[in-house]
Each structure stands twice: as structure tokens, then as C-alpha cells.
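See structure below.
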Amino acid sequence: MNDEGILLHQFKPLRLGVNIDHVATLRNARGGVHPDPVAAAMLAIKGGADGITAHLREDRRHIRDDDIAAIRQAIDAPLNFEMAATDEMVAIAIKTKPNAACIVPERREEVTTEGGLAVVGHEDRLADMLGPLKQAGIRLSLFIEANPADIDAAKAIGADIVELHTGRYCHDAAGRLAELARIENAARHSWSIGIETHAGHGLGFNTVGAIAAIAEIEELNIGHFLIGESVFCGLEATIAKMRRVMDAARTDAQKRTIR
Ligand code: PXP
């Protein structure tokens with residue numbers, strides 16, 4: 001603590017997980033092997049990513065089974081495996097042994113993950129289905145709305161991590177401040193009950209700062225913006241810039257807290 005009793009240890013280093021799904025989207029548009037998500041993952045690490053995130057959707061619309069296996073082989077950095085809560089995905093995760101499995105709700109018709117996982121009211125089913133992941137030594141992460149009740153339910157089923165959905169904060173300009181306050185409160189709540197907090201969805205250079213400034217958030221997962229921006233600036237340079245933007249926002253927030 002500092003002289004004013006502020007908990008300085010709350011500011012942990014902020015990690016960047018780069019989601020490479022949309023490199024596979026581009027590859028799949030023409031069949032073939034280019035651009036290669038594994039090469040993108042390696043370049044992302046070179047650009048300053050701390051880990052790689054990939055979502056194996058049930059319809060395999062972007063990342064495919066062989067991509068997951070190849071990324072696991074090629075990359076030493078942590079792999080965050082996004083998956084729906086299904087027996088098929090649990091079996092693939094146990095075979096792949098990623099650092100973490102992030103459970104997301106999935107609907108075939110959706111363009112991207114639209115909302116957070118409903119945990120309240122589904123604790124028993126989720127605990128039964130996801131227990132084997134934890135037994136296999138995989139950290140369990142749940143992608144949820146910034147809602148204390150779902151965080152408590154995540155704790156009850158033994159989740160190690162909650163990832164807070166930042167989609168509404170990014171896309172609803174009118175409601176942005178209210179949503180930011182909700183995310184801040186949720187992050188504080190999960191920290192207070194001992195759950196690691198991550199955040200992601202929709203983040204870009206203009207929206208990442210306020211989220212990076214939340215002391216309790218330890219990891220951001222960012223994909224679509226980074227892959228899109230890479231068309232103009234290159235993947236490595238884009239990731240390096242995202243690192244600079246988020247690290248600067250974090251350092252500023254930390255200085256404000258200490259002052
Ligand atoms: N986190 C989760 C759980 C996601 O499902 C996604 C999208 O796949 C992301 C982060 C990254 O979102 P975006 O691609 O909008 O940056």
C-alpha cells in the first residue's frame with residue numbers, strides 16, 4: 001500500500017492475446033493455405049503479443065482442427081482456446097492441452113460471438129461438462145457480460161478466469177460510459193473474489209485505452225481490428241502499436257492512482 005492506503009499491487013502487467021481467427025477467414029475465402037494462421041501467430045508473438053487466441057467454432061468457418069494442432073506445436077506462448085460448451089470441443093481441448101479454454105456461447109447464424117455466456121441457472125450443467133478441462137490442467141475461462149451474478153456463478157463452478165465482453169462498450173457510442181462503469185465494477189468484483197479478469201471483443205486503438213486502464217484486468221484478447229488494420233500497416237507493426245497504446249494507457253492510470 002502507499003501512504004494513502006491505495007492497493008498498488010492491483011496493477012498487474014497487462015497481457016495481450018491476439019486472436020488469429022480472421023487470418024483463417026481470409027485463407028478459407030479461397031481455399032488453399034494462404035494466409036497461414038500459424039505464420040500469423042508467430043508474427044504476432046514477434047510483434048509483442050503475450051499469447052494466441054483461436055476459436056474453433058462448431059461450423060469450422062475460420063480456424064480448423066489442424067490449425068489448432070499446428071499452433072500448439074509451433075508456439076511456446078500460451079494458447080487460449082475459445083470453444084463452445086460441447087462434448088466435442090471438450091474432447092479436442094483435452095487432446096490439445098491449451099493453457100486456457102475460454103467458453104463462449106455459440107449460435108450458427110451469428111456473425112461473431114454476440115453476447116456473454118449465461119452462467120446463472122446453468123451451473124450444474126456447465127460444471128459437469130467443463131470439470132474434465134480443469135482435471136486436465138487447463139485453466140477455465142468463461143466469456144461473460146460484465147455482471148456480478150455471472151461472476152459469482154463462475155466462481156461457484158470453479159472458473160479460474162472471467163473474460164468480460166467489451167462489445168457493447170465498443171459499439172454503442174451513446175451507452176459507452178455506462179458500459180465502461182459496468183465493466184469496471186465487474187472487474188473489481190471478480191478481483192475481490194479471487195477470479196482473474198480478462199476482457200475482449202471489438203477493441204481497437206480508440207477503445208482499448210479505457211479498458212487497459214482498469215487495474216484488475218490482466219489480459220485483453222483482440223482479433224478483428226488487428227487483422228483488419230494489418231492490411232494497411234502489417235501485422236507485426238499493428239500489434240506493436242496496440243501494445244504501445246494499451247501500455248501507455250495502463251502506465252498513465254497507474255500514475256494517476258499513485259499520485
Ligand atoms: N474474446 C472472445 C471470447 C471472442 O469470442 C472474441 C471474438 O472471437 C474476441 C475476444 C476478439 O474479438 P474481436 O475479434 O472483436 O477483437
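The values are calculated or read from the model by the stated rules, or taken from the named source; none is laboratory data. The structure displayed is predicted, hence computed values, not measured ones. Positions of Cβ are backbone-derived with ideal geometry, glycine not excepted, and every protein chain shown enters the neighbour counts. To get the accessible areas, we keep the full protein, side chains included, count just its heavy atoms, and leave off ligands, DNA and RNA. Shrake-Rupley method; radii C 1.70, N 1.55, O 1.52, S 1.80 Å.
See the values below:
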| item | result |
| --- | --- |
| Set 45, 68, 20: member being open to solvent by 10 Å² or more (accessible area, probe 1.4 Å) and either within 16 Å of the ligand (Cβ to nearest atom) or aliphatic (A, V, I, L, M) (or both) | 45 |
| Any hit, segment 122-134, residues being open to solvent by less than 40 Å² (accessible area, probe 1.4 Å) and within 25 Å of residue 37 (Cβ to Cβ) | yes |
| Residues that are more than 15 Å from residue 163 (Cβ to Cβ) and either in contact with a His (Cβ under 8 Å, 6 or more places away or on another chain) or in contact (Cβ under 8 Å) with a residue 12 or more places away in the chain (or both), drawn from segment 109-120 | 120 |
| Where residue 201 falls short, out of the listed (1) at negative phi; (2) within 16 Å of the ligand (Cβ to nearest atom); (3) in contact (Cβ under 8 Å) with a residue 40 or more places away in the chain | (1) |
| Residues located in segment 96-143, provided they are within 15 Å of residue 58 (Cα to Cα) and charged (D, E, K, R) | 106, 107, 108, 109, 110 |
